[in-house]
Amino acid sequence: MGLFDRLKQRLGKTRSAIGDGLSALFRGGRPMDEQLLDELEEMLYGSDLGPLATDLVDDLKRRFKRGELKTEDDLRATLRERLVGELGEAGEITLTAKPHVVLVVGVNGSGKTTTIAKLARRFREQGHSVLIGACDTFRAAAADQLEVWAERTGAAIVRKTEGADPAAVAFDTVDRAARENFDVVLVDTAGRLHTQTNLMAELEKIRRVIAKRLDGAPHSVLLVLDGTNGQNAIAQAKLFTASVEVTGLAVTKLDGTARGGAVFAIRREIGLPVQYIGTGERAELLEAFEPGAFADAILSSAGSSETAR
Amino acid sequence: MLDGLTAKLGGALGLFKGQRELTDANIEEGLAAVRQALLEADVHFKVARDFVESVRTRALGAGRIQDKSVSASDQFVHAVHRELVELMGPEDAKLVFASNGPTVILMAGLQGAGKTTTCAKLAKHLVTKLGKRPLLVAADIKRPAAVEQLRVLGRQLDLPVYHEDGLEPPVLCERGLKEAIRTGRDVVILDTAGRLHVDDELMEELAAIAKRTKPHNQVLVVDAMTGQDAVRSAESFHRKLALTGVVLTKLDGDARGGAALSLKAVTGRPILFAGVGEKIDDLDAFSAERMAGRILGMGDVVGLVETAQAKIDEGEAQAQFEKMVMGTFTIEDMLAQLRMIQNLGPMKKVLGMMPGMGDALKNVDMDDKHIKRIEALCTSMTVKERLQPDLLDMSRRRRIARGAGQDVADVNALLKSYKGMKQMMKQMNKMGLGAAMGGKAKRQALAGMSPTGELSGDFGGPGLMGRLGGAAKGLGGAAKGLGSLVGLGGGGGLPEGFDPSMLGGGGGAGGSGGARRPQPARDKSKEKAKRKQKQKNRKKR
């Protein structure tokens, strides 16, 4: 089953109940006009697209005036094309070194640990050996949670006691991976709000320590974004990038009705690609990102917000 | 991106300039700006639309201020602010406690909203503030180690945590309640698994838990960073559970928290608490006024004044302020000011409360250590040097640097900043700030606190200004000085060539060795244009 099908299926309950918003706009044979496009703009805001919604609709209005947009299909196709264009190339993490170190960062509750579990499973299925570093030594029982996942996915894990220096755990993890010839290292970190200076400094230290042990590492820095977050996701991406040079995004919780529309602005402003999307609690529910499918999901769910109230 | 309504309104309010009355015509642009700001703060678009309409009604209708001397822009801002505060109230929302038997509090929410952490914070709050004896029930059997997490938190709080393996959550919760009765606990907090509102099975489970335990409080825990989805998830939870209240978490970040407005509009239920940090103590009572300011990007004026009133010696503040405007400002005064502000609490928190500062702070690295470093430099000077900074020749500077364990460049940066501040005081004096302590001066002093310039002074509207009263006067002065000292006073009126960032936290001039982290590049030309615009605005006034 493809990504879109799954997303669609998961969104299905909402969608079937309230129908497709874009279609709803044209209900009763309503012709396209500026008023309709204004309503579309609001719908796009409903997908957390933020100010990009206004940009897109301004562009649509121009095209409409030039007579390029006439039917619902025109509109849908143009919008999709623009959205896909905004997202750029897809591409999950490709292993460039052995061990290939992936540092996973994000705010509290964004789904880092679950994403690591899913990544571990993914790499394990591809036949790679995986070592997980449990560097979240702050949250109670975070390492326990990870250990359960490691067991389930057949990955090895390095952990220390709660309150241990996370950089030390990171060092030991990379050290062991290098010595024991692991293919992939996934370094989990404690959730931290991007505005917390001390914690961001701690993250930089983790990065430094990893680089010290292994030249060129971390090879990937994955920022995990909560798909239900709104415009604040952009601030998160900016500050995490400034601090640890994020290379890609994983967007989680996309099985809700929220759609992570903020990633468009993140792509546009910071140039960060979305690499993975998470669609559920179970370990197999992590997909490589596909711009087309994502745009489709955004478009179909944009409508669901229209009739939400 | 999120410039805040304060900045947004700048242009729109220009339209009202010189106009006494709000009219159907001139209000449009203002309303559009409000709507845009709300959307960017993640307020749900339908809620934003309704909100704008009620502002229109209030500003043009009977709800307006019945005072001819109030300008159109004040009228407008007042209407926005009051509408927002009213929408988000009431503030005195409390948990409901059972008249006999244990009070049951059911906590629900999406994954990662912060339920488990909030459970612990709430338990602590109940123990310390209300003298309750809570029992925590770990009913999240979905997430690996969630039970263990609550147990660890329970140990930290020295509170019992109930859990039995192998039980379905509804049964588990019911047994938890029995356990509480048996052991004489008077509150039961049920920590449930995170669930998506579209997950029927888990939503049913939640309903089953509610049916078996008959909670007195059914609380939804929501991440303040939530976007447009807040409305739909809250709606679903509300339908299933009949919520009694909401807790907003992660408010210590820079999210504008528009979700709060959406939640209130959709559920009609009060926001009970705000989660504001990593520690178990970090749970605040919710304030509609503060949240309104936050969403609008106004800062927490009321909170700042409350804190200031509690901590700042009024007479001292007044004396400082007068010194500043009279131009007899010395390093001794600067030091006193610094200490006064330090009494208020962590810098970031204090500055975050100032109008217009919220957004500015987002990209600023505010470090209390930095203030300590400045203090160290000041205290390495003799009193005579502090009173007569002109004495500071190279030799003295070297001695001071050595004494403070810093570089001469740091001393130079401090002096440069001091001179800049002094220069600025003079200019303020010329502008008539020192002449009168009347309303106008107060307002300007307040405006001075904000890097976004004069607008914030307008913002409170007459009502707010009245409440600010005397405290704002002293505080305005103190904050102005401090703002520039720590590199935040980038507002209008700074003399050319004065670079507040010389002492800016994190910016670290001249090898100060301060924490130096990459900061988003600031668009200089843009800033310059902004500054020019501000000067222009000021002239118009």
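The values are calculated or read from the model by the stated rules, or taken from the named source; none is laboratory data. Predicted model, so just to flag it, every value in this text is computed and none were measured. No Cβ is skipped: glycine too gets one built from the backbone with ideal geometry, and neighbour counts run over all protein chains shown. We work out accessible area using only protein heavy atoms, side chains counted, and drop any ligands, DNA or RNA first. Shrake-Rupley method; radii C 1.70, N 1.55, O 1.52, S 1.80 Å.
Observations on the model:
- Full extension of the segment from B:Asp281 to B:Ser99, taken as 0.36 nm per residue of separation minus the current Cα-Cα distance, would add 62.8 nm.
- When A:Thr173, B:Thr328 are compared by accessible area at a 1.4 angstrom probe, the order from most to least is B:Thr328, A:Thr173.
- Calculated FRET value between A:Arg80 and B:Ala207, using beta carbons and R₀ = 51 Å, to 0.05: 0.85
- Applying a threshold of 19 Å to the alpha-carbon distances of B:Lys115/B:Lys279; B:Lys124/B:Lys369; A:Lys112/B:Lys250; A:Lys238/B:Lys372 flags B:Lys124/B:Lys369; A:Lys238/B:Lys372 as lying beyond it.
- Degrees between helix A:72-87 axis and first principal axis of chain A (Cα, 0 to 90, nearest 10): 20 degrees
- The largest-to-smallest principal axis extents of the Cα set in segment B:167-294 are 45, 33, 23 Å.
- Peptide A:191-199, shielding by other chains (average Cβ, 10 Å cutoff): 5
- Spin-label pair A:Thr94-B:Asp24: with each label point 7 Å from Cα along the Cα-Cβ axis, the two points sit 6.3 nm from one another.
- Accessible surface of chain A [probe 1.4 Å, protein heavy atoms]: carbon and sulfur percent: 47 percent
- Efficiency of FRET between B:Ala32 and A:Thr71 - r from beta-carbon atoms, R0 30 angstrom, step 0.05: 0.50
- 0 to 90° range, to nearest 10: angle between helix A:166-180 axis and chain A longest Cα axis: 80 degrees
- Chain B and chain A together bury an accessible surface of about 4600 square angstrom, both sides counted, with a 1.4 Å probe and no ligands or nucleic acids included.
- Inter-chain neighbour count for A:270-276: the average number of beta-carbon atoms from partner chains within 10 Å of each residue's beta-carbon is 0.
- Shielding of B:34-46 by partner chains, average beta-carbon count, 10 Å: 5
- Under the convention that each Lys and Arg Cβ holds +1 and each Asp and Glu Cβ holds -1, the size of the dipole of segment B:86-161 around its Cα centre is about 300 debye.
- With a Förster radius of 41 Å applied to the beta-carbon distance between A:Ala201 and B:Ser395, the computed FRET efficiency rounds to 0.70.
- For chain A, the alpha carbon convex hull comes to 129 Å³ per residue, rounded to a whole number.
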